[in-house]
Each structure stands twice: as C-alpha cells, then as structure tokens.
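Peer 1: First the structure, then my questions, so here it is.
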Amino acid sequence: MTRHRLQLQCPCGAVHLVIDAEPMWQGYCHCDDCRTANAAAYIAAASYPAEAVRLTQGELKARNLNGTPRMACAACGTHLFTDAPGMGIRGVNAFLLPEGVFQPQMHIQCQHAILPVRDDLPHYKDWPAAFGGSDETVNW
C-alpha cells in the first residue's frame, strides 16, 4: 500500500499524472534506447507497476523506439514515462517527481554505458536477478 499519492505534471502544466504505488526500483538506465530517446548519456527513472501510473489531465504523444512505447506531453514534448514491454513496469522520468522522492538504488544496462558513473550504487551489466537479469555487475 502506498504511503501517499504522488501527483506530477510536465513543465508546461498541460499533462498531469498520479502514481498510486511505491516504486519497484529507482535508478539510472544506460541502455542504447533510453540514451537515444532522451539524447543523454543515461536517464534517471523511477519504475512503478504500470497500472499505478495514470494520466489525469492532458494529451500524450506516443513515440515507439524499437518496440518500446515512450510517452511525452503533446504540448511541450517532455518525456513522461516509458512502458517496459512484457514487464508490467512504467518507468517515470525521475525529474518529474517531487523533491526528495527520487532515491536511486542502482544503475542498469551498464554494458551499454558511454559515460561511466562512479558512485556507491551497484552497476548492473543488464538487470538485477529480481527483474530477470544476470545480476552481474561492472566495476568502473
């Protein structure tokens, strides 16, 4: 059961989302698709059960990169969330979360990293075993 309901909005205010669950995981993704879709070396995401993240206002613009649906605000283009195919997970853009909510636990898909990040978090080659990965880590 969630401690509280999170309410988010894109920077222009046109799209509003609510999240009614605790995050399954929070961290940084270094996969090729996330890097390409966001024009970034890696992205910060908080993943929730897909059904717990709902649109309450506004219009979404869908983009599909290599079979992965990515939703953005139709007005300002801000990336809002990504649906992980077959996993039932919705990865929310962590920069939309209220201050203090994002508590990163790991880096994932580090086999694709172009910018090693040296911090105290685990750096998984793909995914932790709990999410179907090899549980193998990389040392930077």
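The values are calculated or read from the model by the stated rules, or taken from the named source; none is laboratory data. It should be emphasised that the depicted structure is a prediction, and the values quoted were computed from it without experimental measurement. Heads up, the Cβs are rebuilt from the backbone with ideal geometry, glycines too, and the neighbour counts pull from every protein chain shown.
Peer 1: So, in segment 82-96, of the ones that are surrounded by fewer than 19 Cβ atoms within 10 Å (Cβ to Cβ) and in contact (Cβ under 8 Å) with a residue 24 or more places away in the chain, which residue ends up nearest to Gln9 (Cα to Cα)?
Peer 2: My answer is Phe95.
Peer 1: While we're here: Considering only residues that are aliphatic (A, V, I, L, M) and at pLDDT below 90, which ones fall in segment 62-94?
Peer 2: Hits for segment 62-94 are Leu65, Ala84, Met87.
Peer 1: Of everything in segment 32-68, what is surrounded by fewer than 20 Cβ atoms within 10 Å (Cβ to Cβ), within 13 Å of the chain's Cα centre (by Cα), not in a strand (DSSP E or B) and not polar (S, T, N, Q)? Give them in sequence order.
Peer 2: Matches in segment 32-68: Asp33, Arg35, Ala37, Ala50.
Peer 1: Considering only segment 127-137, state which residues are farther than 19 Å from Pro49 by Cβ and either polar (S, T, N, Q) or crowded, with 18+ Cβ neighbours inside 10 Å (or both).
Peer 2: Ser134, Thr137
Per-residue answers, yes or no, for (1) part of a loop (DSSP other than H, G, I, E, B); (2) in contact (Cβ under 8 Å) with a residue 24 or more places away in the chain; (3) crowded, with 18+ Cβ neighbours inside 10 Å:
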| position | (1), (2), (3) |
| --- | --- |
| Arg70 | no, yes, yes |
| Leu80 | no, yes, yes |
| Glu99 | yes, no, no |
| Ile114 | yes, yes, no |
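Peer 1: Can you list residue pairs whose Cβ atoms sit under 9 Å apart, with the first residue in segment 6-25 being more than 14 Å from Met71 (Cα to Cα) and modelled with pLDDT of 95 or more and the second being outside any loop (DSSP other than H, G, I, E, B) and of a type in the set (Asp, Glu)? Count only pairs 6 or more apart in sequence or on different chains.
Peer 2: From segment 6-25, the pairs are Asp20/Glu51; Ala21/Glu51.
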